[in-house]
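Asks: Here it is, the structure, as structure tokens.
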Amino acid sequence: MSEAAGSGGDAVALTVVTMTTGERYEIDGSAESVETAIVGASRGSIMQLAWLTEAGTGRSIAINPLHVVALETAASPSARG
């Protein structure tokens, strides 16, 4: 079971975001928190992007919420070995 970042556990929640192009991004955060960011952006102004943090790199990426087709929980890095 994953724990949220900063909760004191070793595991970090990760979510895979799949785009309409088939490209997949592994994002820091639970599926629920990533969904909240994407839905919030889709309800914002025209062309508002969802800013998320890519797992492993810490890189900030902006995702167009209209191009997201799926979210799935990913195994944490510690669980993958």
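Here, each number is a calculation from the coordinates, and none is a lab measurement. Note that this is a predicted model, so its numbers are computed, not measured. Counting neighbours? That spans all protein chains shown, and the Cβs are built from the backbone with ideal geometry, glycine included.
Asks: Take G44 and tell me if it is among the small types (G, A, S), surrounded by 11 or more Cβ atoms within 10 Å (Cβ to Cβ) and without any contact (Cβ under 8 Å) to a residue 12 or more places away in the chain.
Replies: yes
Asks: Another question, then. Could you list, ordered by first residue, the pairs with Cβ atoms under 8 Å in which the first is in region 14-35 and in contact (Cβ under 8 Å) with a residue 40 or more places away in the chain and on the phi < 0 side of the Ramachandran plot and the second is surrounded by fewer than 17 Cβ atoms within 10 Å (Cβ to Cβ) and among the β-branched types (V, I, T), at least 6 apart or interchain?
Replies: Listed by first residue and then by second, the contacts come to L14/T73; T15/T73; V16/T73; T18/V69; M19/V69; T20/V69; S30/T73; A31/T73.
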